[in-house]
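Below: one structure, written as structure tokens.
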Amino acid sequence: MDDRSIRRKWVLPIIVFAQFCCTSLWFAGNAVINDLIPHFDLPAGSMGHLTSIVQFGFISGTLVFAILTIADRFSPSLVFFLSAIAGGTFNLAVIFEWNTFPSLLLFRFLTGFFLAGIYPVGMKIASDYAKEGLGKSLGYLVGALVVGTAFPHLLNGFSIDLPWRMVFVITTSFAVLGGSVIWLFVPNGPYRKPGAGFDFSSFIRVFRNRPFRSAAFGYFGHMWELYAFWAFVPVMLSAYNRMHPDALLPVSLLSFFVIGLGGLACVAGGYISGIAGTKRTAFIALLLSGICCLLSPLAFLLGSESLFVSFLLFWGLVVIADSPLFSTLVALNARPEARGTALTIVNCIGFAITIVSIQLLVYASGNIEERFLFLLLVPGPVMGLIGLGIFRKAKQKGSNQSYTRS
């Protein structure tokens, strides 16, 4: 085995590590929202707004990255590195005493904007190295995203005496580290095909491919549920504590486990898809998460804390298990020279959908009983399952060549 092959073996672990480090920026604000609200005298509903503004920043970033075809025109590793530095800088800006609610929204928006150069670009880098087994590779990458997203909750849960500012300092330090290792140790992949120059039509053209379009719609349904669930995990745990006065569930620590253990489901889903098929595995995971949405009102009535936590842990596993599988279907049904742009476009639209579902829950939380709140997530899995059904019909018609079992 030559030196190049040995180096290539280390590429995926490096990308996974970097994704974990950099995506810890995502929910840094959510993890310490109970400290931010009194410190900056934030208005009611701040949690939902601070979550949505990161999503809006990510959408804006992915839109710019996609239209300018940045991930296909320039070295993805350089894009990842510069985005990690910029995202970490704006994440750190939250700690300054002079901040107001508008400035906090601005800094969280800019953090989300540069996450567009991390999450989809990391998948692009992985796809440039993986001619086969892309589902497994993306399983590890999305798993790293999940653990990174949950990491601020762990910091807040384990470190009772840790000042809230340290959550931002630590996550920024991790982002700089993650970006640096990508830039230093991950060159352009052997299957990378540099894209052409600016091409606005590529934003539209990718959706002319019916299997790609159907896989994307499956992903959009999945996203309606995913981030709203993640954002409201602490709300669910707190609501259960209020409904059951004897319950003393540790909200931050359990939020980490409910969200973070989904990383294992991503990895497991990648391996299972190699046996059962990518589409079938995604279908089962999405179906199970939809069932959890339907059963959520009953879960709050459970008198056993262990049963309620077990329900949330199971939901946390199945709600994310299909994410890398949808990304695999999207990546492998896009033209190789436009794969980075295609992934970025789909992420852009998917995260736009998360803003709608998060804000819907924020609005509804003041108008309906909390245990019925998560029935509003049911349309997402339903839409995703319909998209997968259309994808299957499109593949059966042979409208596009597939590079993996689906």
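Among (1) crowded, with 24+ Cβ neighbours inside 10 Å; (2) not in a helix (DSSP H, G or I), which single condition is residue 247 missing?
(1)
If we scan segment 99-117, do we find a residue that is more than 10 Å from residue 179 (Cβ to Cβ), surrounded by fewer than 18 Cβ atoms within 10 Å (Cβ to Cβ), touching a residue at least 12 places away in the same chain (Cβ under 8 Å) and β-branched (Val, Ile, Thr)?
The answer is yes, given that some residue of segment 99-117 is more than 10 Å from residue 179 (Cβ to Cβ), surrounded by fewer than 18 Cβ atoms within 10 Å (Cβ to Cβ), touching a residue at least 12 places away in the same chain (Cβ under 8 Å) and β-branched (Val, Ile, Thr).
Just need a number here: residues in segment 43-72 that are among the aliphatic types (A, V, I, L, M) and either crowded, with 18+ Cβ neighbours inside 10 Å or within 17 Å of the chain's Cα centre (by Cα) (or both).
Quick first cut of segment 43-72, residues among the aliphatic types (A, V, I, L, M) only: 44, 47, 50, 53-54, 59, 63-64, 66-68, 70-71.
Keeping just the survivors that are either crowded, with 18+ Cβ neighbours inside 10 Å or within 17 Å of the chain's Cα centre (by Cα) (or both) gives 47, 50, 53-54, 59, 63, 66, 70-71.
Qualifying residue count for the region: 9.
Check off (1) charged (D, E, K, R); (2) in a helix (DSSP H, G or I); (3) at pLDDT below 70 for residue 371 and give me the number that stays unchecked.
(3)
Just checking, how many residues over segment 366-387 are of a type outside the set (Val, Ile, Thr) and surrounded by fewer than 17 Cβ atoms within 10 Å (Cβ to Cβ)? I'd like the intermediate steps shown before the answer.
Within segment 366-387, the subset of a type outside the set (Val, Ile, Thr) is 366-367, 369-377, 379-381, 383-385, 387.
Narrowing the set further to residues that are surrounded by fewer than 17 Cβ atoms within 10 Å (Cβ to Cβ) leaves 366-367, 369, 372, 375, 379.
Count: 6.
Residue by residue through segment 97-128, note down the ones that are touching a Lys or Arg at 6+ places or on another chain (Cβ under 9 Å) and polar (S, T, N, Q).
If the condition is that a residue be touching a Lys or Arg at 6+ places or on another chain (Cβ under 9 Å) and polar (S, T, N, Q), then 127 is the only one that fits.
Quick check on my filter: what residues within segment 258-269 are part of a helix (DSSP H, G or I) and within 16 Å of the chain's Cα centre (by Cα)?
Residues satisfying the conditions are 258, 259, 260, 262, 263, 264, 265, 266, 267, 269.
Pick from segment 13-45 the residues that are farther than 16 Å from residue 147 by Cα, hydrophobic (A, V, I, L, M, F, W, C) and part of a helix (DSSP H, G or I): which of them is modelled with the lowest pLDDT? Can you show your working first?
Filtering segment 13-45 down to residues farther than 16 Å from residue 147 by Cα leaves 32-45.
Restricting the remaining residues to those that are hydrophobic (A, V, I, L, M, F, W, C) gives 32-33, 36-37, 40, 42, 44.
This time we only want the ones that are part of a helix (DSSP H, G or I), so: 33, 36-37.
Numbers: 33: 80, 36: 88, 37: 85.
Only one residue fits best here, namely 33.
Can you give me the number of residues within segment 225-247 that are touching a residue at least 40 places away in the same chain (Cβ under 8 Å) and farther than 24 Å from residue 136 by Cα? Write out each step before concluding.
Of the residues in segment 225-247, the ones touching a residue at least 40 places away in the same chain (Cβ under 8 Å) are 225-237, 239-240, 243-244, 247.
When the remaining residues are screened for being farther than 24 Å from residue 136 by Cα, the result is 228-229, 231-237, 239-240, 243-244, 247.
Count: 14.
Go through segment 285-314 and give me each residue that's farther than 17 Å from residue 385 by Cβ and touching a Phe, Trp or Tyr at 6+ places or on another chain (Cβ under 7 Å).
Once the filter is applied, which keeps residues that are farther than 17 Å from residue 385 by Cβ and touching a Phe, Trp or Tyr at 6+ places or on another chain (Cβ under 7 Å), segment 285-314 yields 296, 297, 299, 300, 302, 308, 313.
Based on what the data block shows, is residue 147 among the hydrophobic types (A, V, I, L, M, F, W, C), surrounded by fewer than 24 Cβ atoms within 10 Å (Cβ to Cβ), closer than 20 Å to residue 14 by Cβ and modelled with pLDDT of 80 or more?
Details: among the hydrophobic types (A, V, I, L, M, F, W, C): yes; surrounded by fewer than 24 Cβ atoms within 10 Å (Cβ to Cβ): yes; closer than 20 Å to residue 14 by Cβ: yes; modelled with pLDDT of 80 or more: yes.
In short, yes.
The values are calculated or read from the model by the stated rules, or taken from the named source; none is laboratory data. Predicted, not measured: the structure shown is a model, and the values here were computed from it. In this analysis, Cβ positions are derived from the backbone assuming ideal geometry, glycine residues included, and neighbour counts consider all displayed protein chains.
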